[in-house]
Amino acid sequence: MNNRGVFIAIEGAIGVGKTTLATILNQHFGYTLLREIVEENPFLSKFYTDIKEYALQTEAFFLFNRVKQLEDIEKNALSKSQGVVSDYHIIKNLIFAGITLDKMQFHRYKQMYNIFVNDLPQPDIIIYLHSKTDVLMKRIAMRDRSFERQMDRNYIHELSTEYKYYFNPLSIKHNFMGKEPIIIEVDNSNLDFLNNEKDRQFIINNVEDAIKALGGQT
């Protein structure tokens, strides 16, 4: 490895536990924690009541805010040899946009995405979490965010399916720009990283092994 910081991103569908795991890894490794902006999106509550009407505004807001976050984290942490753990990867913009925008909107959106993402820092390691749809719906209900209370089960199922496509080993090299990250895939339908020490140590061990494979120190 060079003297850049290790960049770890966590991805998966809504309710899969990305932020919980990012916080745990941040505490363990002492990295900088990067959390995506969600509730600050002014279109989000309207989006979940009328997806077709508010999809483009919602996805555009997320894209530009995530671009700015990643530019800042490159300048303030990664370039200074500070590790970063993020509860998202910007590839999620394509995943969500692909199921919310119509074909013409998505084509234009992807062109814009490619322009902005080309020069952004890319993760060395991505932890791809996935769970059964019923488990995701239960977790979404338990955290009780006001804008998620009308969450449609079919939307979550479709989102999980889209994630599965993007993180298929045959698709990864086409979907991640610049370099192919180490992918740690975990079905956490029956795991509890927050409350179960064995589960928590399982994922930490996997991440430590990936960092060592990159030539870094844990």
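The values are calculated or read from the model by the stated rules, or taken from the named source; none is laboratory data. Given the structure is predicted, the values throughout are model-derived calculations rather than measurements. Cβ atoms come from the backbone with ideal geometry, glycine included; neighbour counts cover every protein chain shown.
Which pairs turn up if I take residues in the stretch 147-174 that are touching a residue at least 40 places away in the same chain (Cβ under 8 Å) and of a type in the set (Val, Ile, Thr) and look for partners that are part of a helix (DSSP H, G or I) and surrounded by 12 or more Cβ atoms within 10 Å (Cβ to Cβ) with beta carbon separation below 8 Å, at least 6 apart in sequence or on another chain?
Ile156/Thr133; Ile156/Leu136; Ile156/Met137; Ile156/Ile140
Quick one: which of Glu162, Glu158 is surrounded by 13 or more Cβ atoms within 10 Å (Cβ to Cβ), more than 15 Å from the chain's Cα centre (by Cα) and either modelled with pLDDT under 95 or charged (D, E, K, R) (or both)?
Result of the check over Glu162, Glu158: Glu158.
Can you confirm whether the stretch 144-161 contains a residue that is small (Gly, Ala, Ser) and over 26 Å from Phe202 (Cβ atoms)?
Yes - at least one qualifying residue is present in the stretch 144-161.
Taking the condition of being in contact with a Ser or Thr (Cβ under 6 Å, 6 or more places away or on another chain) and surrounded by fewer than 20 Cβ atoms within 10 Å (Cβ to Cβ), how many residues in the stretch 80-116 meet it?
Residues in the stretch 80-116 being in contact with a Ser or Thr (Cβ under 6 Å, 6 or more places away or on another chain) and surrounded by fewer than 20 Cβ atoms within 10 Å (Cβ to Cβ): 1 in total.
I'd like the full set of residues that are buried (at least 19 other Cβ atoms within 10 Å of the Cβ) and not small (Gly, Ala, Ser), limited to the stretch 123-132.
Scanning the stretch 123-132 gives Pro123, Asp124, Ile125, Ile126, Ile127, Tyr128, Leu129, His130.
I'd like to know if the stretch 187-204 contains one or more residues that are under 23 Å from Gly98 (Cβ atoms) and either crowded, with 18+ Cβ neighbours inside 10 Å or in contact (Cβ under 8 Å) with a residue 12 or more places away in the chain (or both).
Yes, the stretch 187-204 has at least one match.
Only one residue in Tyr163, Tyr109, Tyr128, Tyr155 is farther than 28 Å from Asp72 by Cβ and hydroxyl-bearing (Ser, Thr, Tyr). Which one?
The unique qualifying residue is Tyr155.
Limited to the stretch 64-79, what total is found for residues that are within 20 Å of Ile115 (Cβ to Cβ) and surrounded by fewer than 20 Cβ atoms within 10 Å (Cβ to Cβ)?
9
Go through (1) buried (at least 17 other Cβ atoms within 10 Å of the Cβ); (2) at pLDDT below 95; (3) in contact with a Leu (Cβ under 9 Å, 6 or more places away or on another chain) for Val38 and report which single condition fails.
(1)
What residue, among those in the stretch 66-94 that are among the basic types (Lys, Arg) and over 13 Å from the mean Cα position of the chain (by Cα), is nearest to Gln111 (Cα to Cα)?
Result: Lys68.
Tell me, please, whether a residue that is in a loop (DSSP other than H, G, I, E, B), modelled with pLDDT of 95 or more and surrounded by fewer than 19 Cβ atoms within 10 Å (Cβ to Cβ) can be found in the stretch 23-33.
yes
Taking the stretch 81-97 as the region of interest, how many residues are touching a strand residue (DSSP E or B) at 6+ places or on another chain (Cβ under 7 Å) and polar (S, T, N, Q)?
The number of residues fulfilling the criteria is 2.
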